[in-house]
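The values are calculated or read from the model by the stated rules, or taken from the named source; none is laboratory data. Just so it is clear, the model here is predicted, and its values are computed rather than measured. FYI the Cβ positions are ideal-geometry reconstructions off the backbone, even for glycines, and counts take in every protein chain you see.
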C-alpha cells in the first residue's frame, strides 16, 4: 500500500513539473492595395517556436473588410514560401507566399518583412501592388498558475504514505 501511495505521489509530482514548450501565435493586419480589392485584411500566424526560424503551422485570414470579403481561410499548408523568425517572443522576420491554395482555393497572399510588404488578391497566381503598412502583434495567452491545492494534495498523499508505513511496522 505504501508503494502505491508513493507511486501516486511521484507521478503527480512529475506531471506537475513537466511542461512542454508552447508554440507562439501572432496577429497580423494590413490595408490591402486598391488594385487587390482594398479593405483591411486581418489574420493569425500560429505554430511558431521562440528563438527559432521555421515554418508556421497555420496562417489564417480571419477578416477582410473588402466589399466581397474574399480570401478568408487557411493558407499555410503547402505554401510556396513559409519562413518566420521569432526572437525572445517577438516576430522579427517573416516571408510567406501562397498562390491560390489552402482551403480558400481562390486567392493568393504575400507577407514579407523585407520591405514590410503584404497583399491579398482573389487571383490564384499573383499578388499585385502590395501595401507597406503591415502590423504584427503577439497573441497573449494568459499563464495558468499551478493550483494552490497541488501542494496540499501532495502533502496529504505523503502523510497517508507515512501513516500506512507506521501501521505496517506496528
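Filtering the range 61-105 to residues that are crowded, with 18+ Cβ neighbours inside 10 Å and part of a strand (DSSP E or B) leaves 61, 64, 82, 84, 86, 91, 94, 96, 98, 99.
Could you tell me whether the range 149-169 includes any residue that is assigned to a loop (DSSP other than H, G, I, E, B) and either over 33 Å from the mean Cα position of the chain (by Cα) or at pLDDT 70 or above (or both)? Scanning the range 149-169 turns up no residue that is assigned to a loop (DSSP other than H, G, I, E, B) and either over 33 Å from the mean Cα position of the chain (by Cα) or at pLDDT 70 or above (or both).
For residue 76, state whether it is at pLDDT below 85 and in contact with a strand residue (DSSP E or B) (Cβ under 6 Å, 6 or more places away or on another chain). Taking the combined requirement at face value, the residue satisfies it. When the range 30-40 is filtered for residues that are surrounded by 14 or more Cβ atoms within 10 Å (Cβ to Cβ) and either out of contact with any strand residue (DSSP E or B) (no Cβ under 7 Å at 6 or more places or on another chain) or in a loop (DSSP other than H, G, I, E, B) (or both), the ones remaining, listed by number, are 32, 33, 37, 38, 39.
Annotation: of all residues in the range 41-71 being over 22 Å from residue 95 (Cβ atoms) and touching a strand residue (DSSP E or B) at 6+ places or on another chain (Cβ under 9 Å), the one that is modelled with the lowest pLDDT is 69.
Take the range 106-121 and flag every residue that is surrounded by fewer than 24 Cβ atoms within 10 Å (Cβ to Cβ), touching a strand residue (DSSP E or B) at 6+ places or on another chain (Cβ under 8 Å) and modelled with pLDDT under 85. 114, 117, listed by residue number.
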